[in-house]
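The values are calculated or read from the model by the stated rules, or taken from the named source; none is laboratory data. Keep in mind the model is a prediction, meaning the values are calculated, not measured. Cβ sites come from the backbone with ideal geometry, for glycine too, and all protein chains shown count toward neighbours. Ligands, DNA and RNA are stripped out before the accessible areas are found, and what is left, the full protein with its side chains, is counted by its heavy atoms. Shrake-Rupley method; radii C 1.70, N 1.55, O 1.52, S 1.80 Å.
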Amino acid sequence: MKKTIQNILSQEDLNFLLTNRIPRNALTRFIGWFSQIENPVIAFVSIQVWKFFSALDLSEAKNQHFKSMHACFTRELKPNARLINQGLSYLVSPCDALIGAFGQVRNGEVFQAKGFPYALDDLIPNKILAKSYEGCEYVTLRLTSSMYHRFHAPAAMRIRKITYISGDTWNVNPIALKRVERLFCKNERAVIECEIDHADKEMPNATLTLVPVAAILVASIRMHCINLLFHLRYQGPNEIECNVAVHRGEELGWFQHGSTIIVFAPKNYRLLPSLNLGDNIRMGEALFENTAST
């Protein structure tokens with residue numbers, strides 16, 4: 001029965017209808033409230049339903065019992081459940097994810113899916129920052145609902161600025177990405193500007209930008225460095241200057257559910273050629289390599 005239901009729900013037209021042609025923001029706010037109800041019975045039943053419709057695996061979770069569905073969404077992992085690649089020439093994946101669109105920024109455009117380009121300065125309000133990535137590489141990392149939802153630092157770096165942009169909550173699965181133009185530019189998101197700390201003092205520090213994008217049932221992004229939870233009713237400030245040093249692999253924050261992180265790498269960094277569309281990558285594994293240092 002489970003497989004039959006999943007096959008039915010995976011049909012593109014039905015999936016798009018059920019996950020997008022509904023009151024997205026209202027449903028997202030409801031799930032945000034419902035998921036935080038601290039009742040063991042509600043939590044247990046909700047997690048069992050979640051398991052039925054996904055590949056949820058809690059074997060790596062630090063805790064096995066959760067007081068709410070939210071606690072399960074934002075679960076921590078057991079110590080050493082993820083190995084962090086320590087090679088200084090690499091940027092590691094900030095999260096567990098599936099590899100989505102990737103390539104170079106060309107003529108100020110990137111792709112959310114094949115045939116669906118969008119302007120980078122539509123995603124990133126800082127037009128100077130967006131323009132600085134011309135010719136640089138990017139990758140879209142998609143977190144599914146069953147994955148570990150916390151995200152981490154791809155390198156030793158300083159977080160310089162966070163810009164929050166309120167927006168819609170379209171689903172970010174491949175079905176929606178092929179149908180909704182400029183989807184990432186419409187959804188709620190944060191732009192995290194970071195400066196990589198290079199061990200080589202002769203190499204200037206380089207800007208790395210992470211763009212966590214919220215989606216239906218998510219629409220809440222927690223950032224530790226500024227002790228804020230961004231959500232649909234957040235009133236500001238929208239631009240937050242900061243100067244916070246973080247270590248490679250250090251936890252930066254979490255999504256309430258699953259969503260997307262778009263990584264824009266500095267000049268000379270290239271996505272590992274062994275990575276392909278749809279590959280599963282885990283937090284801490286090598287993602288980009290600095291070709292100037294090889």
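Taking 0.36 nm per residue of sequence separation and subtracting the Cα-Cα distance, how much length would be gained by fully extending the chain between Glu181 and Cys242, in nm to one decimal?
Full extension of this stretch gives 18.7 nm more.
For the range 176-182, take each phi angle, set θ = phi - 60°, evaluate the Karplus expression 6.51 cos²θ - 1.76 cosθ + 1.60, and give the result in whole Hz per residue in order, putting x for glycine and proline.
5, 5, 7, 10, 10, 5, 6
For Glu76 and Leu58 in one chain, what is 0.36 nm times their gap in residues minus the Cα-Cα distance, to one decimal in nm?
Full-extension gain reported as 5.5 nm.
Please find the FRET efficiency linking Ala292 to Trp33, where r is the Cβ-Cβ separation and R0 is fixed at 51 Å, and quote it to the nearest 0.05.
0.55
Give me the aspartates and glutamates in straight-line cross-link reach of Lys62: C-alpha distance below 14 Å, same-chain residues under 8 apart excluded.
Counting by Cα, and skipping residues close in sequence, Lys62 has these aspartates and glutamates nearby: Glu76.
Can you pull a Stokes-Einstein diffusion coefficient for the range 114-168 at 20 °C (1.002 mPa s), Rh from Kirkwood over Cα pairs, as a whole number of µm²/s?
Answer from the Stokes-Einstein relation: 149 µm²/s.
Is there a pair in Lys78/Lys114; Lys51/Lys114; Lys78/Lys131; Lys51/Lys178; Lys51/Lys78 whose C-alpha atoms are over 29 Å apart, and which pairs would that be?
Cα-Cα > 29 Å for Lys78/Lys114; Lys51/Lys114; Lys78/Lys131; rest within.
Using amide H atoms built 1.01 Å from N in the peptide plane, name the residues 5+ places from Gly284, or on other chains, whose amide H lies under 5 Å from its own.
Those lying under 5 Å, H to H, from Gly284 are Ser93, Cys95.
In whole percent, how big is the carbon plus sulfur part of the accessible area of the range 113-183, probe 1.4 Å, protein atoms only?
Of the solvent-accessible surface of the range 113-183, carbon and sulfur hold 54 percent.
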